Amino acid sequence: MRRKGKQPNLQRQLIALVAGLCLTIILTVCFMVAVVQVQSAITAYTWGESVWSRAQIDTVHHLNRFSETGDFSDLAQARQALGVPIGDLHARIAITSDVLDWQRARHGFLQGGNHEEDLTRMILLVRLFSWLDQLDRALTAWEEADDLLFELDQIGNAMERVWLVTPPDREQLQALRDRLAIVDQQLQANAREFRLAMGDASRWSASFLSVVSALFLTLVALLSWFLGFRLVRLLNRTEQNFRSIFEQSAIGIIQIDTDGRIVNANQATCDILGYRPDDLVHRPYRELVHPEDWDVAREERRGISFGTIDSYTTEHRIVRKDNDFLWARLTVSRVWDAPSSSAYFTTVMEDISESHRLSTELSYMATHDSLTGLINRRAFEQQLASHLGHVRNGGKQHALCYIDLDQFKLANDTSGHDAGDQLLRQVSDIISRNLREADILARLGGDEFGIILQNCDLDTAHHVAEKVRASLDHLVFSWQQTSHTISCSIGVVPITAESAGISALMKAADIACYTAKDGGRNRVCVMSMDDKQMASQQGEMEWHNRIQTALQDNRFFLECQIIAPPTGRGKGLRYEVLIRMRSQDGSVVPPSAFLPPAERYGMASRIDRWVIENILEKLSAAPEHLGALEACHINLSGRSFDQTDFADFVVGRFHHYGVPANKICFEITETAAVHNLLEVQAFMKRLSDMGCSFALDDFGSGLSSFGYLRRLPVTCLKIDGMFVRDIVTSKTDLAMVRAIHDIGRTMDMITVAEYVESEDAASLLKEIGVDLLQGFWVHRPSSLDDILGTEPSRLSEKVTHLKLHTT
């Protein structure tokens with residue numbers, strides 16, 4: 001059995017058979033034309049011989065008269081008649097030469113009185129078939145007449161010379177007439193031989209061509225029968241294949257007549273629709289189409305009915321026998337039935353109900369959040385664009401709310417992602433219950449939600465937002481015997497005809513939400529597009545582009561501030577690296593101007609990476625400085641821990657530059673540690689294993705520090721400067737510093753006091769026992785390049801005050 005891949009291509013076979021039949025017909029026609037041409041050429045030579053003979057006889061006749069009368073007109077007529085056989089002579093020489101001279105041959109035959117349409121076939125006959133015995137005899141007789149023709153010309157010239165003498169020599173003329181009679185007899189004998197040879201050639205060619213024609217036509221008939229037989233077999237096999245496909249196909253196939261009635265349907269169609277074959281035959285096809293879908297592809301149906309298109313594909317519902325419906329993909333083709341000279345339609349039906357269901361689900365998934373079932377950001381922005389267009393066309397004002405949960409990350413990190421998912425479901429449910437029926441709620445991503453309040457002014461929007469905020473504020477989420485409280489910050493902006501676009505609206509709502517967070521969280525901030533606070537926040541957001549441009553233009557640089565013990569004598573050099581930025585005009589931008597917006601709008605991570613890259617590169621290039629270094633403190637933003645590849649980046653930079661990890665102390669703010677607890681723990685564990693140390697920066701500024709401190713591998717506590725700055729005058733601040741220092745001592749941690757700006761503060765901190773001091777009184781920040789370029793032995797001179805109070 002031949003494998004499927006080896007089966008001949010039916011279409012190619014069909015083309016080959018049809019081409020064979022056409023070629024056979026062409027060969028037959030060519031053969032018949034060739035036979036006719038050969039016969040015509042022989043006939044042309046026979047007729048040409050008669051012309052030749054008449055011309056030869058006329059030549060002899062006029063020469064005889066000229067010899068008797070001396071009338072020179074007879075001589076002219078004799079020479080004119082002699083030109084006919086002379087022309088044929090020249091034509092034969094041109095044909096039988098090694099190189100055929102077509103022009104000379106044609107000119108000679110025309111001079112010989114032959115018809116112009118016979119010239120080509122006469123030339124080809126001699127050129128191609130001169131090897132035949134009969135033609136060879138004819139050519140020989142023709143060639144033997146050449147000398148006699150030239151002798152006729154010479155006799156005529158001799159007679160002319162005799163008559164030019166007065167009186168003419170009668171005896172000489174008689175001798176010329178006697179010679180003329182002999183030449184005439186010989187030429188007539190040559191003509192008879194040529195005529196007999198051409199007659200034999202004609203009879204032989206007729207017999208030969210008749211036999212060849214009979215054999216050829218018999219062969220053609222056999223070949224045509226064979227090709228026709230193969231063609232019929234092929235068509236039968238094609239019909240059988242089609243019938244097999246029609247009956248056994250797993251896809252439904254229906255034949256429909258021009259009246260729209262079903263002529264035939266295969267078993268797959270019956271199985272798909274639940275009918276018996278007899279139930280479908282003669283049934284109007286329209287009864288199978290769902291009533292609501294009959295207008296689908298109406299133009300295509302009309303086009304295929306009128307023959308303007310050959311096929312089309314569409315999808316719509318088909319009604320089953322049990323009145324249920326299925327989705328089907330239908331490919332309709334117009335087929336011409338040659339025997340009946342009419343057209344019918346073949347419809348291929350494929351049940352796509354499952355794929356349509358999956359497509360619907362995918363479409364739903366593309367526009368909805370899988371966790372909460374709310375629409376996602378993409379669909380929300382489409383709705384926002386629609387509502388903005390409605391307002392611009394004269395509709396009522398709407399309002400946009402941007403919601404950000406305040407303590408979600410804490411609950412998610414401490415209780416796990418399953419708890420976080422359940423909390424988001426409860427939050428979305430609570431928000432939904434506090435909205436009106438026409439309002440639109442979406443989960444924009446993470447713990448952020450968006451609301452479109454339809455036909456709503458700002459006062460009403462504020463009331464709805466406050467209702468949502470209060471409902472969430474009362475939520476107590478319990479998970480595995482752990483309870484969490486949650487709140488939200490909501491930004492509200494109007495959707496008016498003056499709104500620039502959906503991007504501007506989303507940006508404005510985001511600004512309003514951040515304003516609510518900056519104001520203490522768990523509150524609603526309503527802003528109009530011309531609000532001064534909005535303009536201020538928008539100006540802060542423009543720092544994103546300025547920071548990005550500064551990174552591209554390499555306009556950041558590093559300074560450092562030395563950290564020293566109160567005694568002025570330490571184990572080695574310790575300092576904190578500080579990031580600085582130059583504006584485009586060259587002036588230095590204070591960190592307080594660009595760091596908060598960088599933290600807020602996602603640029604802080606890029607700055608952290610720039611700082612780590614540059615510090616490690618500079619330290620690797622200063623080995624003497626690196627040997628005297630105890631610790632280089634580098635601040636890390638909490639935003640960096642949102643980057644899944646941040647730890648890989650840091651580890652990769654250590655390996656690339658070869659800087660010992662124990663020379664680096666990373667500072668992480670208390671807020672970042674609390675809000676990114678799991679990520680911070682994983683990062684600190686990995687880098688601690690390499691030898692890095694960690695300091696908890698601004699310790700004491702939050703309310704949860706003590707609870708999470710024991711869970712972090714911290715070796716250094718940096719006491720928040722707000723307690724150190726007024727330590728001399730505030731007993732509360734002094735007590736806080738003592739408490740933090742005592743906790744650090746208990747946990748065997750180094751304590752560092754920030755913002756040390758006076759000798760009295762330094763003395764109190766020394767008395768408390770704080771290990772290290774940092775501030776303007778100890779050292780004013782200077783260029784990192786200057787510190788790296790100073791000999792380690794002279795670096796103590798940079799500590800301007802503590803060395804004066806060393807005891």
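Results, tabulated for the structure shown:
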| quantity | calculated |
| --- | --- |
| Degrees between helix 646-657 axis and first principal axis of the chain (Cα, 0 to 90, nearest 10) | 80 degrees |
| Fewest-first ranking of Met159, Met684, using other Cβ atoms within 10 Å as the exposure measure | Met684, Met159 |
| Among the listed pairs Lys396/Lys507; Lys409/Lys663; Lys467/Lys517; Lys618/Lys685; Lys618/Lys766, those beyond 24 Å (Cα-Cα) | Lys409/Lys663; Lys618/Lys685; Lys618/Lys766 |
| Residue order, fewest to most surrounding Cβ atoms within 10 angstrom, among Leu358, Leu678 | Leu358, Leu678 |
| Answer label for semi-axes √(5λ) of the Cα gyration tensor in Å (calculated), chosen among (1) 44, 36, 30; (2) 114, 46, 26; (3) 43, 37, 24 | (2) |
| Tilt relative to the chain, helix 532-541 - C-alpha long axis, 0 to 90 degrees, to 10 | 60 degrees |
| Dipole of the chain [Lys/Arg +1, Asp/Glu -1 at C-beta], most positive-end residue of Leu505, Ala268, Val35 | Ala268 |
| 18 Å Cα-Cα reach of Lys731 towards aspartates and glutamates, excluding residues that sit fewer than 8 places from it in its own chain | Asp720, Asp742, Glu754, Glu757, Glu759, Asp760, Glu767 |
| Virtual spin-label span in nm between Ser620 and Ala34, 7 Å along Cα→Cβ | 8.7 nm |
| Order of Val714, Val263 under a 10 Å beta carbon neighbour criterion, fewest first | Val263, Val714 |
| Crossing angle, helix 170-248 versus the chain [Cα axis fit, 0-90 degrees, rounded to tens] | 40 degrees |
| Thr140/Arg233 FRET efficiency (R0 45 Å; Cβ-Cβ; nearest 0.05) | 0.20 |
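Where a number appears in this text, it was derived from the coordinates with a stated rule and is not lab data. Here the structure is a predicted model, which is why all the values come from computation and not from measurement. Note: ideal-geometry Cβ built from the backbone for every residue, glycine included; neighbour counts use all protein chains shown.
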